[in-house]
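Report on one structure; see the data block that follows.
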Amino acid sequence: MLDLLIRGGRVFTGEFWFEGDVGVKDGRVALLGRNIEEDAERIIDAGGMIVIPGGIDGHVHFQMPYGDGFRTADDFYTGTIAAACGGITTIIDFVTPEPGQDIVEAFHRRREEADPLVAIDYGLHVCVTGACRWSPSALRELYREGVTSYKVFTAYSARGLMMDDGVLLRFLEEASRVRALVLGHCENEWIIRDNLERFGREGRLAPIYHALSRPPVAEAESVQRLGLYGLEKGVRILVVHLSSGMGLDAARMVRLMGGEIFVETCPHYLVFTDEVYLREDGLKYIMSPPIKGARDREALWEGLMDGSIDVVGSDHAPFNWSEKLAGRDDFRKAPGGVQGTENIIPILFSEGVRRGRISLERMVELVALNPAKLYGLYPRKGVIAPGSDADLTIIDPEKEVVLGRDTLHSNLDHSIYEGMKVRGYPVYTVSRGEVIVEDGEPVARKGRGRFLKRGVSQL
Ligand code: MN
Ligand code: MN
């Protein structure tokens, strides 16, 4: 007796296509086939639907404090619910140690925050900042806890996040000993600092100056620098939230030189251009790095097509409008971050697959298979195969949704996607065999998600 049988769908497993059924037992995929006759506790008719592995969003910031008392709008419950409604079954959030705090201690505190609330499975990357305490033994201890990835910053010295280059090289050397993946927030500190000071003096404080303060070269230089350091120390680097064509070329160059460098971009860079900063509500779109021009947007789509971008994550870090308004008279005071975890799959499907820019196979690579491998979760996650966790997303390829505050499930009080029409939408989400989104509506229990101990990166 199966627990769940998904019948008659067009199934892309992450590795091959077939038309037929997926049988689930004890939270895992039990069998794949045509006209499976075994009885099941529950049957979902997937006729006309597309069945894919559940998405993995490797980049979210739920209940994250920021600056002067700000906090991202979603906690680990509402955030994972929103993710699930967008077809995501695994998220990876971040541990951000306080200045002076030990990274292992910070990791345990973050788990205490997340464990009671998560509705889907999750992992944690650990940020190693210029101001926290880390050591080779701490990296080994975190490895035993299932943390196999870290994030470093080449900017944000004012917030204590930036690591100086010398320390960064030493950290990368230690990271290579535990075969860690190192995520990079790549922006050039000094270019940005000079622009922010100058714009401040000149009274250029509207949101568009946020974009102008962080030109593509600020990203590209930092991608190249971190990429070369990774090559030097034998560490795999993942450039997160890549936003520019020049930045992508820098990553390609490091790859040509033999560096193991991987690239993530985010949905907002694929649908908007920097014109959004000229809108009356331009503050809503402030995030770092900022959205670039139309040519950059096209370069990112090309990167998705040609394989030079490996994963799409959301960088979900939304702030309510009242908090964004702190930047009303000075963009530098607005908290940076936007929503996205619920939007990755709908946007890639509607804007990418339906428009013929990427294949569905490529979409599944970008949102499930590659992240599973890159973040050390494969083959438990990221693929529909016997023995894998039964994490599945069922997409109705014809369903039309107008994105916005009323149709999205984030706790955020607005949406940067308000009014955007998409065609093709996740309608059922299954996590370890449990239906957690039913016909578009969440039914997941708070705290049912589990912490994932991850292995080493293997993409
Ligand atoms: Mn970042
Ligand atoms: Mn981020």
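The values are calculated or read from the model by the stated rules, or taken from the named source; none is laboratory data. Keep in mind that what you see is a predicted model, and the values were worked out from it rather than measured. Positions of Cβ are generated from backbone atoms using ideal geometry, with glycine treated the same way; all protein chains shown enter the neighbour counts. These area figures cover heavy atoms from the full protein model, side chains too; ligands, DNA and RNA do not enter into them. Shrake-Rupley method; radii C 1.70, N 1.55, O 1.52, S 1.80 Å.
If you roll a 1.4 angstrom probe over the protein chains with everything in place, what fraction of the accessible area of segment 55-374 belongs to carbon and sulfur, to the nearest %?
Exposed carbon and sulfur together represent 48 percent of the surface.
Restricting attention to segment 117-205, which GluC sites (Glu not before Pro) occupy a DSSP loop and are surrounded by at most 11 other Cβ atoms within 10 Å? Before the final figure, lay out the partial values.
Working: sites: GLU141, GLU145, GLU173, GLU174, GLU187, GLU189, GLU197, GLU202; in loops: GLU145, GLU187, GLU202.
Hits after loop and neighbour filter: GLU202.
Can you give the relative contact order of segment 293-377 as a percent, counting alpha carbon pairs under 8 Å and 6+ residues apart?
Contact order relative to length: 29 percent.
Remind me, relative contact order of the chain in percent, using alpha carbon pairs under 8 angstrom and six or more residues apart?
Value for the chain: 22 percent.
Please determine, in degrees from 0 to 90 and to the nearest 10, the orientation of helix 76-85 with respect to the longest principal axis defined by the Cα atoms of the chain, where the helix direction is its Cα long axis.
Compared with the principal axis, the helix lies near 60 degrees.
I'd like the orientation of helix 294-306 relative to the chain: the angle between its Cα long axis and the longest Cα principal axis, in ° from 0 to 90, rounded to 10.
Rounded to the nearest ten degrees, it is 50.
Scan segment 400-441 for GluC sites (Glu not before Pro) in coil per DSSP, keeping those whose Cβ has at most 12 other Cβ atoms within 10 Å, and list them by number. Don't skip to the answer; put the middle values down first.
Working: sites: GLU400, GLU418, GLU434, GLU438; in loops: GLU418.
Nothing satisfies the criteria.
Measure nothing but the geometry: give the 0 to 90° angle between the long axis through the Cα atoms of 165-177 and the longest principal axis through the Cα atoms of the chain, rounded to 10°.
Helix 165-177 sits at roughly 30 degrees to that axis.
How much length is gained if the chain between MET1 and ARG450 is pulled fully straight, taking 0.36 nm per residue apart and subtracting their Cα-Cα distance, in nm to one decimal?
Result: 159.1 nm gained on full extension.
Does segment 224-347 classify as rounded, prolate or oblate by the C-alpha gyration tensor (a ≥ b ≥ c root eigenvalues; a/c under 1.5 gives rounded; else a/b over b/c gives prolate, otherwise oblate)?
It comes out prolate by the Cα gyration axes.
Just to confirm, what accessible area per residue do you get for segment 55-374 at 1.4 Å probe, in whole Å²? Mind dumping the intermediate values first?
Details: 10800 Å² over 320 residues.
Here the per-residue accessible area is 34 Å².
Among rounded, prolate and oblate, which fits segment 55-374 when a ≥ b ≥ c are the square roots of the eigenvalues of its C-alpha gyration tensor, a/c under 1.5 means rounded, and a/b larger than b/c means prolate?
Rounded, since a/c falls under 1.5.
Among the trypsin sites (Lys or Arg not before Pro) in segment 233-274, which ones are in a DSSP loop with at most 12 other Cβ atoms within 10 Å of the Cβ? Mind listing them?
Passing both the DSSP loop test and the Cβ count: no residue.
Considering only DSSP beta bridges with both partners in the chain, what is the antiparallel share in %, to the nearest 5?
On the way: 32 of 68 bridges.
The answer is about 45 percent antiparallel.
At 0.36 nm per residue, minus the direct Cα-Cα distance, what do GLU280 and ASP406 gain on full extension? Give it in nm, one decimal, please.
43.2 nm
Quick check on segment 64-124: take the gyration tensor over C-alpha atoms, sort the square-rooted eigenvalues as a ≥ b ≥ c, and tell me if it's rounded (a/c under 1.5), prolate or oblate.
oblate
Grab the Cα-Cα distance for ARG159 and ARG140, subtract it from 0.36 nm times how many residues apart they are, and report the gain in nm with one decimal.
Computed gain between ARG159 and ARG140 is 4.2 nm.
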